[in-house]
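Undergrad: One structure, pasted below without further comment.
The values are calculated or read from the model by the stated rules, or taken from the named source; none is laboratory data. The structure presented is a predicted model; accordingly, all values stated were derived computationally and were not measured. Glycine also receives a Cβ, built like all others from the backbone with ideal geometry; neighbour counts cover every protein chain displayed.
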Amino acid sequence: MGADFYGVASIFDEIWGWELEGAAQAERARLALFYTAAALASGNWARVVREQPAAPVDDLDDAGRVLAFLCADIKGIETPAYDRAGYARLALFYRQALEETAAGREILDFYARIEAVNADLLGQLRSRAMGWDAELKLLITAPAARGRGCAGMLTRACFEDVRANRGRWCMLLTDTHCAWQYYEKTGWSQDARRPWGDDSGITGFAYRKDVGRRD
């Protein structure tokens, strides 16, 4: 990932940095870096879409800013395409930094609630024998790049590698806190749901898609 990691974290902050309303920029950066590193630590496949530079460049770090990112965990991939353990250490480092402030602890509690709901959603799928061969961990597009097909480009590349590893079903976990409507519009099936049951009004979803055949 290299410099792309910080480009992805920047997109995360642009989309979700408001969750730390009133926090210093350094604290918002810790949240973005923590979440991005945690997603990479839980996956084994990642791709970015970059902005095309106006002129040829020699250094990949100057090849245009990151516009979109997808991280997934695909069964059958023996060796991750990046240092998964390194990102796990990085996620722990930024998590510990967030735990040092009240705002950081509050947002970590919020993500702990997400994890609990996600565990319930996975349990629902397993109880119905609804399996999966890959899980999309994090798909984000910079607001300025939306509508340009970046997410579709990334998911198609992921689906190709799922098929290459003899997989068929992709799964993802999301909620009404995120852009869940995108998956409704692109052929994903909502196979489990779980309202949070509190005043947040958030509902979690598990989506699956059969990618055994090309769209």
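Undergrad: Give the residues of segment 152-171 that are surrounded by fewer than 22 Cβ atoms within 10 Å (Cβ to Cβ) and either among the aliphatic types (A, V, I, L, M) or farther than 24 Å from I11 by Cβ (or both), sorted by residue number.
TA: Those that are surrounded by fewer than 22 Cβ atoms within 10 Å (Cβ to Cβ) and either among the aliphatic types (A, V, I, L, M) or farther than 24 Å from I11 by Cβ (or both): M153, A157, R163, A164, N165, R166, G167, R168, W169.
Undergrad: Please find, within segment 164-206, the residue that is nearest to L138 (Cα to Cα) out of those that are assigned to a loop (DSSP other than H, G, I, E, B) and among the charged types (D, E, K, R). It would help to see each step written out before you state the result.
TA: Step one: of segment 164-206, the residues assigned to a loop (DSSP other than H, G, I, E, B) are 165-168, 176-180, 186-188, 196-202.
This time we only want the ones that are among the charged types (D, E, K, R), so: 166, 168, 198-199.
Numbers: R166: 22, R168: 19, D198: 25, D199: 26 Å.
Here the residue is R168.
Undergrad: With respect to A157, determine if the residue is touching a residue at least 12 places away in the same chain (Cβ under 8 Å), touching a Lys or Arg at 6+ places or on another chain (Cβ under 8 Å) and part of a strand (DSSP E or B).
TA: Considered against the rule, which asks whether it is touching a residue at least 12 places away in the same chain (Cβ under 8 Å), touching a Lys or Arg at 6+ places or on another chain (Cβ under 8 Å) and part of a strand (DSSP E or B), A157 comes out as no.
Undergrad: Could I ask something else about it? Can you spot a residue in segment 98-113 that is at pLDDT 95 or above, part of a helix (DSSP H, G or I), of a type outside the set (A, V, I, L, M) and over 17 Å from the mean Cα position of the chain (by Cα)?
TA: For segment 98-113, residues at pLDDT 95 or above, part of a helix (DSSP H, G or I), of a type outside the set (A, V, I, L, M) and over 17 Å from the mean Cα position of the chain (by Cα): absent.
Undergrad: For segment 72-88, which residues satisfy the criterion of being assigned to a helix (DSSP H, G or I) and under 20 Å from M171 (Cβ atoms)? Lay out the reasoning, then the answer.
TA: As a first pass, look at segment 72-88 and keep what is assigned to a helix (DSSP H, G or I): 84-88.
Within segment 72-88, just R84 meets the criteria.
Undergrad: Looking at segment 172-193 only, could you name the residues that are crowded, with 19+ Cβ neighbours inside 10 Å and among the charged types (D, E, K, R)?
TA: D175, the sole residue that qualifies.
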